[in-house]
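The values are calculated or read from the model by the stated rules, or taken from the named source; none is laboratory data. Just so it is clear, the structure is predicted and the values come from calculations on it, not from any experiment. Every residue, glycine as well, gets a Cβ built from its backbone with ideal geometry; the counts of neighbours run over all protein chains shown. In case anyone asks, the SASA skips ligands and DNA or RNA and just uses the protein heavy atoms, side chains included. Shrake-Rupley method; radii C 1.70, N 1.55, O 1.52, S 1.80 Å.
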Amino acid sequence: MSESRKKVSIIIPVFNDGRCLEDAIQSALKQTYKNIEIVIVDDGSTDPSTLNFLKEIKRADIRVFFRQNEGVSQARNYGISKVSGEYILPLDADDKLGECFVAQAVKILDENSDVKAVCGDVRMFGKRKGLKYIPPHSIEMLLGQNTMVVTSLFRKSDFLKTKGFNPNMNEGFEDWDFWLSLLETGGEVRNVNTVALYYRVKKNSRNYSLTMEKMLKLRRQIYQNHKELYSRYFFNPQNSFEYDLLLHSREYRLGSRLLRPIRFLLKKSAELQHNKTNG
């Protein structure tokens, strides 16, 4: 079967991640699907080695843009505004693509106009290892937690019907916020049975270094951004992975131990009051 004629534009925002960028670029170039372009957006890097690496890139299928630092959301939006491809695939500079993902994802979008995004499995490496399966899509579940990753394939035409990646989510979860925007008018998400993303877990990886306070702040912001969508559904907050993090966090366990004697005294006080009243 001949390869699709649709071009895939891979968007890579960069901020001082030059030491990992070569891996990301090579994983894009090694795709079994060959009709691709790579658009790199430097988001105001200050690291000399990163800037030197970017300036030395000389390939017709890789374009590099330099901008002042405005955050990952604006960097992705700017990159997408410069692409010539019909299909968009975001990739972070410190991650890598599974080599068969693009080919399988393109086939699904080509054959299914009702599918808005295609995901694959995620294999973690670095500080944490393991395979993360992307669950079957449900808008109700997506409202409760981010069940997708930013490295998923979607159409540029669908992107243009949204406001893009929201700059008010620059501290994290900007991909979750975007998926809600993309899917609020309906559409399917399809999973392929292959690794889409090799996710590098570092000591300072954003999603693994969020404090509970910042996580709650970002969740409130997502609600503010999508109030109308949330009003259409009701979801069980216990399905949220943040709930599980809270339940098993050191702060939660410590707080529970500190409150235990207070709860005991309150319980005893209530019992004494009950006995006095009914004595």
| Given the residues R67, R76, which is the only one that is surrounded by fewer than 18 Cβ atoms within 10 Å (Cβ to Cβ) and either at pLDDT 95 or above or of a type in the set (A, V, I, L, M) (or both)? | R67
| query | How about the stretch 38-53: which of its residues are out of contact with any helix residue (DSSP H, G or I) (no Cβ under 6 Å at 6 or more places or on another chain) and buried (at least 19 other Cβ atoms within 10 Å of the Cβ)? | reply | I40
| request: Could you check W179 against (1) outside any helix (DSSP H, G or I); (2) of a type in the set (F, W, Y); (3) open to solvent by less than 30 Å² (accessible area, probe 1.4 Å) and say which number it fails? | output: (1)
| query | Is there a residue in the stretch 90-99 that is more than 16 Å from G164 (Cα to Cα), open to solvent by less than 10 Å² (accessible area, probe 1.4 Å) and among the acidic types (D, E)? | reply | yes
| said: Looking only at the stretch 116-165, filter to residues that are assigned to a loop (DSSP other than H, G, I, E, B), more than 28 Å from R5 (Cα to Cα) and touching a Ser or Thr at 6+ places or on another chain (Cβ under 6 Å); which one of those is least open to solvent (accessible area, probe 1.4 Å)? | reply: Q145
| request: Please verify whether the stretch 199-207 includes one or more residues that are β-branched (V, I, T) and at pLDDT 90 or above. | output: no
